[in-house]
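Novice: The structure is given below, and queries will be raised subsequently.
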Amino acid sequence: MRQNLNEARRTSAEVLELIGKKTLSEAERKKVTKDSIRYWKEHVNEGFLKYRKSVSTDYTAVEWSDGGASFKDINGKEFLDMLGGFGIYVTGHRHPKVLKAVMDQLSRQGIHSQELIDPLRTYLARLLAAVTPGDLQFAFLTNSGTESVEGCLKMAMLTTGRRRFIGAIGGFHGKSLGALGGTSKAVFREPFLPLLNWSHVPFGDKAALKTVMESADFSGDRVAAVVLEPIQGEGGINVAPPGYLALARELCDKYGAMLILDEIQSGMGRTGKMFACEHDGVYPDLMALGKGLGGGVMPIGAVVGTKKTWKRYIENPFLHTTTFGGNPVCCAAAIATINVLLEENLPKQAGEKGAYLLKGLKRAIKRWPKAMRVARGRGLMLGMEFVSHEVGYAVAKELFGRQILISGTYINARTLRLEPALTISYPELDRFLEALDASLKAVSKKFRL
């Protein structure tokens, strides 16, 4: 496409007019849909449209508005959101308190100057120290979970002077070059090798973790950090078995490595506690946060660390910086999110609703054992594993036809995840379970299961 400033000026004006409208005419809705599909194909990535065709009954559906535990397409069709943006909507879609905090801050200031003290950054750092477990004290604010992982890796390097990392098979920590090293699936890693020095061990295998740590110490290629998710998200919603995180903590202490826990998807109340590691009573040296921290309204993440991990960084605070991370608007959203989680006791709600939902999933397995094999997870971070990825995709497609959004996990294609808003109601959970039963019936008939 050649540079065309006149088209850019005209199109931007048209889109701004659409943004300002509360309702669109039928002609406007058709135009937005047509333009969105065309421009996605020509300027974003046509491959994603092919994926949407495989998991939905209408790949041209254009998302337009949201609220509570659902969203609407541009034509007003409402979908129950059981995917939850991969776990971002901990306080629901556009919670009024989170939205108000953002609008109030925007009415005063958007982005800070970068040079003076920004008060909301300091308040949020204090709140993160207050809500995270263990001895976590300092926070570096980011724009995303992947950036948070990158920050954790750098802090571990600074603290230990080492460059080797241990991750887990099935682990997913992002796709930027540092975090990608910890992501375990070859299809994501191979095009960008060589990456940082990473080794991967089977998740939950205590002997394997112990062996690789002992070997690294013996050989002198010592480990900077062990990087784990308390519950693997993209690996298929795999909960760390009892004692596994405790052993990781013990080994890190023994061999002078940092324990980094990636709570990007499992944190902020989703599993029934503020952070998933609290179920095991194991606390990290560094914690990566993202997704739900902004309440599903603004993008924000955090690197949260102990005093020890911040020592070298304090000596030179310009070793790791960010332009937009920790801006006042995103901080306002995160502060409001923490307040809503605590005021409405959403972690407790997540635990209770998750237990209710898991019982329903296990009933579905009994009814359709040749289609659906396992349901697992904690709180409202649950996974449904099917006999094959084809069956899983077919179930997702059937659910979409019943106006329920769900999606698979990046590394385990047989698993569909459930990560709805923690504010979801019990009638909405029942609606999902009824639709799941109907979808399993249809898929079982299609595949002759």
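Novice: Looking only at segment 156-186, which residues are of a type in the set (A, V, I, L, M, F, W, C), assigned to a strand (DSSP E or B) and surrounded by 22 or more Cβ atoms within 10 Å (Cβ to Cβ)?
Specialist: Our first condition is that a residue be of a type in the set (A, V, I, L, M, F, W, C); within segment 156-186, this holds for 156-158, 165-166, 168-169, 172, 177, 179-180, 186.
Those left that are additionally assigned to a strand (DSSP E or B): 165-166, 168-169.
Of everything in segment 156-186, those that are of a type in the set (A, V, I, L, M, F, W, C), assigned to a strand (DSSP E or B) and surrounded by 22 or more Cβ atoms within 10 Å (Cβ to Cβ) turn out to be Phe165, Ile166, Ala168.
Novice: Okay, next question. Could you please tell me which pairs satisfy a Cβ distance under 8 Å, a separation of 6+ or placement on different chains, a first residue in segment 1-28 that is surrounded by 10 or more Cβ atoms within 10 Å (Cβ to Cβ), and a second residue that is assigned to a loop (DSSP other than H, G, I, E, B) and hydrophobic (A, V, I, L, M, F, W, C)?
Specialist: Pairs that qualify, where the first residue is surrounded by 10 or more Cβ atoms within 10 Å (Cβ to Cβ) and the partner is assigned to a loop (DSSP other than H, G, I, E, B) and hydrophobic (A, V, I, L, M, F, W, C), are Leu18/Leu24; Leu24/Ile74.
Novice: List pairs: first residue in segment 316-335 and closer than 28 Å to Gly269 by Cα, second residue of a type in the set (Phe, Trp, Tyr) anywhere in the structure, Cβ distance under 6 angstrom, at least six positions apart or on different chains.
Specialist: If the second residue must be of a type in the set (Phe, Trp, Tyr), no pairs are left.
Novice: Being hydrophobic (A, V, I, L, M, F, W, C) and without any contact (Cβ under 8 Å) to a residue 12 or more places away in the chain is the filter here, so list the residues in segment 192-209 that pass it. Reasoning before the result, please.
Specialist: Keep residues of segment 192-209 that are hydrophobic (A, V, I, L, M, F, W, C), which gives 192-193, 195-196, 198, 201, 203, 207-209.
Leu193, Ala207, Ala208 - these are the residues of segment 192-209 that are hydrophobic (A, V, I, L, M, F, W, C) and without any contact (Cβ under 8 Å) to a residue 12 or more places away in the chain.
Novice: Among the listed residues Leu346, Leu361, which satisfies the condition of being under 27 Å from Val303 (Cβ atoms) and of a type outside the set (Ser, Thr, Tyr)?
Specialist: Leu346
Novice: Do you know which of the residues in segment 366-398 that are in a helix (DSSP H, G or I) and free of Cβ contacts under 8 Å to residues at least 60 places away in the same chain is surrounded by the fewest Cβ atoms within 10 Å (Cβ to Cβ)?
Specialist: So the first thing to find is which residues in segment 366-398 are in a helix (DSSP H, G or I), and the list is 366-367, 389-398.
Going one step further and asking which of them are free of Cβ contacts under 8 Å to residues at least 60 places away in the same chain, we end up with 366, 389-392, 394-395, 398.
Numbers: Lys366: 8, His389: 14, Glu390: 15, Val391: 22, Gly392: 25, Ala394: 22, Val395: 25, Glu398: 21.
Top of the filtered list is Lys366.
Novice: A further question on this structure: Mind listing whichever residues of segment 53-80 are closer than 20 Å to Glu434 by Cα and of a type in the set (A, V, I, L, M, F, W, C)?
Specialist: Val55, Ala69, Phe71, Phe79, Leu80
Novice: Looking at Ala413, Ala364, Ala371, Ala333, which is the one that is within 20 Å of the chain's Cα centre (by Cα) and modelled with pLDDT of 95 or more? Walk me through it before giving the result.
Specialist: Details: Ala413 fails: modelled with pLDDT of 95 or more; Ala364 fails: within 20 Å of the chain's Cα centre (by Cα); Ala371 fails: within 20 Å of the chain's Cα centre (by Cα).
Only one candidate passes the filter, namely Ala333.
Novice: Next up: Does at least one position in segment 353-365 carry a residue that is surrounded by 15 or more Cβ atoms within 10 Å (Cβ to Cβ), among the small types (Gly, Ala, Ser) and in a loop (DSSP other than H, G, I, E, B)?
Specialist: Checked against the condition, which is being surrounded by 15 or more Cβ atoms within 10 Å (Cβ to Cβ), among the small types (Gly, Ala, Ser) and in a loop (DSSP other than H, G, I, E, B), segment 353-365 yields no hits at all.
Novice: Given the criterion of a type in the set (A, V, I, L, M, F, W, C) and surrounded by fewer than 22 Cβ atoms within 10 Å (Cβ to Cβ), identify the matching residue among Ala139, Ala129. Steps first, answer last, please.
Specialist: Details: Ala139 fails: surrounded by fewer than 22 Cβ atoms within 10 Å (Cβ to Cβ).
Result: Ala129 is the single residue among Ala139, Ala129 that is of a type in the set (A, V, I, L, M, F, W, C) and surrounded by fewer than 22 Cβ atoms within 10 Å (Cβ to Cβ).
Novice: Let me ask something else. Determine whether segment 89-111 contains at least one residue that is at pLDDT below 95 and touching a strand residue (DSSP E or B) at 6+ places or on another chain (Cβ under 9 Å).
Specialist: Within segment 89-111 (the criterion being at pLDDT below 95 and touching a strand residue (DSSP E or B) at 6+ places or on another chain (Cβ under 9 Å)), the answer is no, since none of the residues qualifies.
Novice: Can you tell me how many residues in segment 223-238 are under 14 Å from Leu418 (Cβ atoms) and either of a type in the set (Val, Ile, Thr) or assigned to a strand (DSSP E or B) (or both)?
Specialist: Qualifying residue count for the region: 2.
The values are calculated or read from the model by the stated rules, or taken from the named source; none is laboratory data. Keep in mind that this is a model prediction, so the values were computed, not measured. Note that each Cβ is placed from the backbone with ideal geometry, even for glycine, and that neighbours are counted across all protein chains shown.
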